[in-house]
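Trainee: Mind looking over this structure? Questions follow.
The values are calculated or read from the model by the stated rules, or taken from the named source; none is laboratory data. A quick note: this is a predicted structure, and the numbers were derived from the prediction, not measured. When we count neighbours, we look across all protein chains shown, and the Cβ atoms used for this are built from the backbone with ideal geometry, even at glycine.
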Amino acid sequence: MRHELLAKVLPRASREAHGREAPPREAAAGRDRSLVTPLAVDARGVSKVFGVGSVAVQALRGVDLEVKGGELVMLVGPSGSGKTTLLSILGCVLGATSGEVSLFGTRITGLGEAELPTLRQALIGFVFQGHNLIASLSAVDNVRLVLETRGYGRREAAREARELIGRVGLAAQADRYPETLSGGQRQRVAIARALAGQPPLVLADEPTAALDAVAGLAVTELLIELCRERGSTVVVVTHDNRIFHLADRIVHIEDGRIVPEGPRSQGSPS
Ligand code: ADP
Ligand code: MG
């Protein structure tokens, strides 16, 4: 059950999320849904410059990216290539210097700063490199808090939070505090929190960066499985080639630009 926040902010995204009929895999397979549904992500010519004058850094240099509803895209590129910057712009955390971004048919570039948090709350589930959990709240309460801010009533939020914590395999640890959990367990809580309230767009920025290889693989596989179940659109930044086969598409970014699909040139770092 979803709240009305989304409907207020983005009528079309709301309809999309509530009235989904086609299962996500079919949608991702392109079953003509794209003809009637706006793209989940439509970024055109997005540039981002940090700083001014001699210290200016151009993090993005005209990025075009389209992601269909229900599609799972992995974003891959070297350190410093602009992955976090791009995700932050898509996630309504950071403004672009130029270019246009629409989410579910609504243009987010050009919106006032006051509107972005509401939009973010309604549309985006974010999983960060670190887990970013609130230390003074138990695992289940970290999730419950998000549900309440997303418009769930107290009782419904409590029930849903416990269910989500169970779904990420932490039923027995639900009432423990983050500092008593392992890195992998914390990141599972972060996943439950990101998916709380079923945001239509899930963004994950190297969600396993702080984990060992085994825990990292399990956590990413879980994230993907849950997003597939819910039909969420996903952009995940990862270096883990063990999970590339789980993507609908892999997008490469280098030096602030998306590398065109097709055979890639070998080497020549610049
Ligand atoms: P990635 O996530 O691919 O490692 P980032 O998006 O974090 O890359 O960074 C892209 C470029 O922008 C880098 O050169 C980085 O140093 C620079 N950058 C990122 N954030 C800032 C910031 N807040 N201020 C100045 N430069 C930044
Ligand atoms: Mg980064």
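Trainee: Of all residues in region 36-60, how many are more than 16 Å from ligand 2 (Cβ to nearest atom) and exposed (fewer than 14 other Cβ atoms within 10 Å of the Cβ)?
Mentor: 7
Trainee: Which pairs turn up if I take residues in region 66-82 that are in contact (Cβ under 8 Å) with a residue 60 or more places away in the chain and look for partners that are of a type in the set (D, E, K, R) and more than 10 Å from ligand 1 (Cβ to nearest atom) with beta carbon separation below 7 Å, at least 6 apart in sequence or on another chain?
Mentor: Partner pairs satisfying both residue conditions: Gly69/Glu16; Gly69/Arg33; Glu71/Asp248; Glu71/Arg249; Leu72/Asp248; Val73/Asp248; Val73/Arg249.
Trainee: In region 107-132, how many residues are part of a loop (DSSP other than H, G, I, E, B) and under 19 Å from Thr37 (Cβ atoms)?
Mentor: Residues that pass the stated criteria total 1.
Trainee: Does Thr97 satisfy being under 30 Å from Thr180 (Cβ atoms), within 16 Å of ligand 1 (Cβ to nearest atom) and at pLDDT 90 or above?
Mentor: Against the criterion (under 30 Å from Thr180 (Cβ atoms), within 16 Å of ligand 1 (Cβ to nearest atom) and at pLDDT 90 or above), Thr97 does not qualify.
Trainee: Looking at region 235-247, is at least one residue closer than 12 Å to Met74 by Cβ, away from ligand 2 (no atom under 16 Å from the Cβ), under 18 Å from the mean Cα position of the chain (by Cα) and surrounded by fewer than 15 Cβ atoms within 10 Å (Cβ to Cβ)? It would help to see each step written out before you state the result.
Mentor: At the first step, the residues of region 235-247 found to be closer than 12 Å to Met74 by Cβ are 235-247.
Subset that is away from ligand 2 (no atom under 16 Å from the Cβ): 241-247.
Checking which are under 18 Å from the mean Cα position of the chain (by Cα) leaves us with 243-244, 246-247.
Filter once more, keeping what is surrounded by fewer than 15 Cβ atoms within 10 Å (Cβ to Cβ): 244.
Yes; the residues of region 235-247 include at least one that is closer than 12 Å to Met74 by Cβ, away from ligand 2 (no atom under 16 Å from the Cβ), under 18 Å from the mean Cα position of the chain (by Cα) and surrounded by fewer than 15 Cβ atoms within 10 Å (Cβ to Cβ).
Quick grid of which residues meet (1) without any contact (Cβ under 8 Å) to a residue 24 or more places away in the chain; (2) assigned to a helix (DSSP H, G or I):
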position: Tyr152; (1), (2): no, no
position: Arg155; (1), (2): yes, yes
position: Ala158; (1), (2): yes, yes
position: Glu179; (1), (2): no, yes
position: Ala194; (1), (2): no, yes
position: Leu226; (1), (2): no, yes
position: Val234; (1), (2): no, no
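Trainee: On the given criteria, is Leu123 within 22 Å of Leu222 (Cα to Cα) and away from ligand 2 (no atom under 16 Å from the Cβ)?
Mentor: Here the answer is yes, as Leu123 does meet what is asked.
Trainee: Next up: Which residue pairs have Cβ atoms under 6 Å apart, sit 6 or more places apart or on different chains, and have a first residue in region 123-141 that is more than 28 Å from Asp240 (Cα to Cα) and a second that is crowded, with 22+ Cβ neighbours inside 10 Å and of a type outside the set (S, T, N, Q)?
Mentor: Cβ pairs passing all conditions: Val140/Ala161; Val140/Ile165.
To keep it simple, each residue is scored yes or no on (1) on the phi > 0 side of the Ramachandran plot; (2) touching a Ser or Thr at 6+ places or on another chain (Cβ under 8 Å); (3) surrounded by 14 or more Cβ atoms within 10 Å (Cβ to Cβ); (4) at pLDDT below 95.
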residue: Ile108; (1), (2), (3), (4): no, yes, yes, yes
residue: Leu116; (1), (2), (3), (4): no, no, yes, yes
residue: Arg120; (1), (2), (3), (4): no, no, yes, yes
residue: Gly130; (1), (2), (3), (4): no, no, yes, yes
residue: Leu145; (1), (2), (3), (4): no, no, yes, no
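Trainee: Is it the case that some residue within region 68-78 is within 14 Å of the chain's Cα centre (by Cα) and either within 8 Å of ligand 1 (Cβ to nearest atom) or on the phi > 0 side of the Ramachandran plot (or both)?
Mentor: yes
Trainee: Quick one: which residue in Val55, Val63, Val93 is in contact (Cβ under 8 Å) with a residue 40 or more places away in the chain and either within 17 Å of Ile250 (Cβ to Cβ) or β-branched (Val, Ile, Thr) (or both)?
Mentor: Answer to the check: Val63.
Trainee: Another one. Would you point out the residue of region 173-211, among those that are in contact with a Lys or Arg (Cβ under 9 Å, 6 or more places away or on another chain) and within 16 Å of ligand 1 (Cβ to nearest atom), that is nearest to Ala122 (Cα to Cα)?
Mentor: Asp205
Trainee: Does any residue of region 92-106 turn out to be assigned to a loop (DSSP other than H, G, I, E, B), of a type in the set (Phe, Trp, Tyr) and closer than 21 Å to Val67 by Cβ? Break it down stepwise before answering.
Mentor: The initial filter retains those residues of region 92-106 that are assigned to a loop (DSSP other than H, G, I, E, B), namely 92-97, 104-105.
Now restrict to residues that are of a type in the set (Phe, Trp, Tyr): 104.
Now narrow it down to the ones that are closer than 21 Å to Val67 by Cβ: 104.
Taking every residue of region 92-106 in turn, at least one turns out to be assigned to a loop (DSSP other than H, G, I, E, B), of a type in the set (Phe, Trp, Tyr) and closer than 21 Å to Val67 by Cβ.
Trainee: Same structure, new question: For region 84-104, how many residues meet the condition of being over 18 Å from Thr238 (Cα atoms) and within 16 Å of ligand 2 (Cβ to nearest atom)?
Mentor: Within region 84-104, the first condition is being over 18 Å from Thr238 (Cα atoms), and the residues that meet it are 92-104.
Those left that are additionally within 16 Å of ligand 2 (Cβ to nearest atom): 93-94.
Qualifying residue count for the region: 2.
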